[in-house]
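Participant: Below: one structure in structure tokens.
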Amino acid sequence: MVESERSRRTAREDIADSRYNGAGGTIDILEVSKLGCVRGDRRLFSGLDLSVSPGTYIQLTGPNGSGKTSLLRILCGLLAPAEGEIKWNGANIRSLGEEYVADVTYLGHRHGVKEELSALENLRITNALNGVEISKERALAVLKEMGLAGRESLPARLLSEGQRRRVGLARLLVCNTKLWLLDEVLTSLDKGAVALVRSLIENHLTGGGIAIVATHQEFELSTGHTKRLELTT
């Protein structure tokens, strides 16, 4: 089932149907209440209510400047909201601190790849900075799965934009987090890479994870519960 909602300068989510066909059940572990965001002298959104259960995929849409990136950064704790509250497993994320951060993977619309480092170095160092140590052998296997076999040792500056995007997305194969927040990560990807990302999200949902993805590309997911959240200006 797909649910959608749009409003002007506000956004909310319709939770009339919280069914989930995976293993996670219907308990809402992410709860957003009356959330608002102001950047400079401009209000991006207000009154955002959102309740999300395990195994849910949320497609976040809206025109440029509507607040999609700001919302994702608020949800991951990088940006403070103007008002409202975010709860994870019943507790405010501000009180949870690192405990909440350990449950979240955020990938911004920029791939975050250091051009002077190789794909292998980028993957291992980025994960180490996020508290996840992976062996060289595991990293090589992940990059191969991402379609980067033979390019693991090349400086990222020699890779195409799509290949650099794949390096960034490789984090999804080694993270062990419940909440994925992905900001326009399908940009510059070919059909094969998009299909791979779809498979990663499906596996994440089947395991009871949550994925909130800012994208205008439609996903036909074979598992989980799909909702649509649209921000407008």
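No value in this document is a laboratory result; all are computed from the given coordinates. Source: prediction; values computed, not measured. Cβ sites come from the backbone with ideal geometry, for glycine too, and all protein chains shown count toward neighbours.
Participant: Can you tell me which of Gly67, Gly209, Gly90 moves the most in a GNM of the chain? Springs connect C-alpha atoms under 10 Å apart.
Facilitator: Evaluated over the chain, the most mobile residue of the options is Gly90.
Participant: Here is a further query. Starting from 0 in steps of 5 Å, tell me what percent of the Cα-Cα pairs of the stretch 126-202 lands in each bin.
Facilitator: Reading the bins upward from 0: 3, 14, 28, 26, 21, 8, 1.
Participant: Below 8 Å between Cα atoms, with a sequence gap of 6+, how large is the relative contact order for the chain in percent?
Facilitator: After rounding, I find 33 percent.
Participant: Arranged by the count of other C-beta atoms within 10 angstrom, fewest first, what order do Leu205, Leu78, Leu44, Leu96 take?
Facilitator: By the 10 Å Cβ count, ascending, the order reads Leu78, Leu96, Leu44, Leu205.
Participant: Which percent of Cα pairs goes in each bin when the distances of the chain are cut into 10 angstrom slices starting at zero?
Facilitator: In order of increasing distance, the bins hold 8, 32, 36, 20, 4 percent.
Participant: Determine, from the Cβ-Cβ distance of Glu98 and Glu145 and an R0 of 35 Å, the FRET efficiency 1/(1 + (r/R0)^6), rounded to the nearest 0.05.
Facilitator: My answer for the efficiency is 0.75.
Participant: In a Gaussian network model over the chain where Cα atoms closer than 10 Å are linked, find which of Glu184, Glu83, Glu31 has the largest mean-square fluctuation.
Facilitator: Glu83
Participant: If a paramagnetic tag sat 7 Å from the Cα of Glu83 along the Cα-Cβ line, which residues of the stretch 27-48 would have the backbone N under 14 Å from that point?
Facilitator: Once the point is set 7 Å along Cα→Cβ of Glu83, 33-38, 43-48 turn out to lie under 14 Å by backbone N, inside the stretch 27-48.
Participant: Using modelled backbone amide H atoms (1.01 Å from N, in-plane), which distant-in-sequence or interchain residues come within less than 5 Å of Cys175's amide H?
Facilitator: Under 5 Å from the amide H of Cys175: no residue qualifies.
Participant: Pairs Lys87/Lys178; Lys144/Lys191; Lys68/Lys114; Lys136/Lys178: which exceed 22 Å Cα-Cα?
Facilitator: Check vs 22 Å cut-off fails for Lys68/Lys114; Lys136/Lys178.
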